[in-house]
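What follows is a set of notes on a single structure, which appears directly below.
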Amino acid sequence: MVLILAGGVWLLRGPDADDPNVVSRSGLHWHPQLEIYVKGVKQEIPQNTGLGAVHNPIHTHEDLPIIHLEFSGVVMRDDLMLKEFFGVWGKDFTEFGSSVAMTVNGQENAERENYSMKDGDKIELRYE
């Protein structure tokens, strides 16, 4: 009986239960903010990016500069990377230039497109 119970717990948790790349097993609804400047000029991110016939879990509404991260089920760190938003937007991270300074919540960050966004982040990209 104990063996069966332990096996059931293992199946529920899965073999990767302690995987540090798993951000959530039950979805999430986060709201980071993103502002982009090119040579000092603020770039407008389009409203409703990622919305349409298919509702992408990474999208915008009218409340820019907020990016909506609305995932169900298991969410991996890679799902939340900044480059994923750029892909939904139809842009490459280097489209505005290859020289970019990035801050997250006022602190310099060198992860650039590989940064895994978090709830409440204030992300700023400055391309020169």
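Quick note: the coordinates plus some simple rules give every number you see, no bench work behind them. Just so you know, these numbers come straight off a predicted model, no measurement behind them. Heads up, the Cβs are rebuilt from the backbone with ideal geometry, glycines too, and the neighbour counts pull from every protein chain shown.
Anything in the stretch 83-118 that is more than 14 Å from the chain's Cα centre (by Cα), closer than 19 Å to N56 by Cα and not acidic (D, E)? List them, or say none.
If the condition is that a residue be more than 14 Å from the chain's Cα centre (by Cα), closer than 19 Å to N56 by Cα and not acidic (D, E), then G90, K91 are the ones that fit.
Identify the residue in the stretch 90-105 that is within 11 Å of I123 (Cα to Cα) and β-branched (V, I, T) and, among all such residues, is surrounded by the fewest Cβ atoms within 10 Å (Cβ to Cβ).
Among residues in the stretch 90-105 that are within 11 Å of I123 (Cα to Cα) and β-branched (V, I, T), the one surrounded by the fewest Cβ atoms within 10 Å (Cβ to Cβ) is T103.
So R77 clears everything in (1) surrounded by fewer than 16 Cβ atoms within 10 Å (Cβ to Cβ); (2) touching a helix residue (DSSP H, G or I) at 6+ places or on another chain (Cβ under 9 Å); (3) within 25 Å of D19 (Cβ to Cβ) except one condition, right? Which one?
Only one criterion in (1) surrounded by fewer than 16 Cβ atoms within 10 Å (Cβ to Cβ); (2) touching a helix residue (DSSP H, G or I) at 6+ places or on another chain (Cβ under 9 Å); (3) within 25 Å of D19 (Cβ to Cβ) is unmet by R77, namely (2).
Could you list, in sequence order, the residues of the stretch 36-58 that are outside any loop (DSSP other than H, G, I, E, B) and surrounded by 15 or more Cβ atoms within 10 Å (Cβ to Cβ)?
Scanning the stretch 36-58 gives I36, Y37, V38, I58.
What pairs can you find where one residue is in the stretch 110-128 and in contact (Cβ under 8 Å) with a residue 40 or more places away in the chain and among the basic types (K, R), the other is surrounded by 12 or more Cβ atoms within 10 Å (Cβ to Cβ) and assigned to a helix (DSSP H, G or I), and their Cβ atoms are less than 9 Å apart, with a gap of 6+ or different chains?
K118/L80
Of the residues that make up the stretch 64-79, is at least one touching a strand residue (DSSP E or B) at 6+ places or on another chain (Cβ under 6 Å) and among the polar types (S, T, N, Q)?
no
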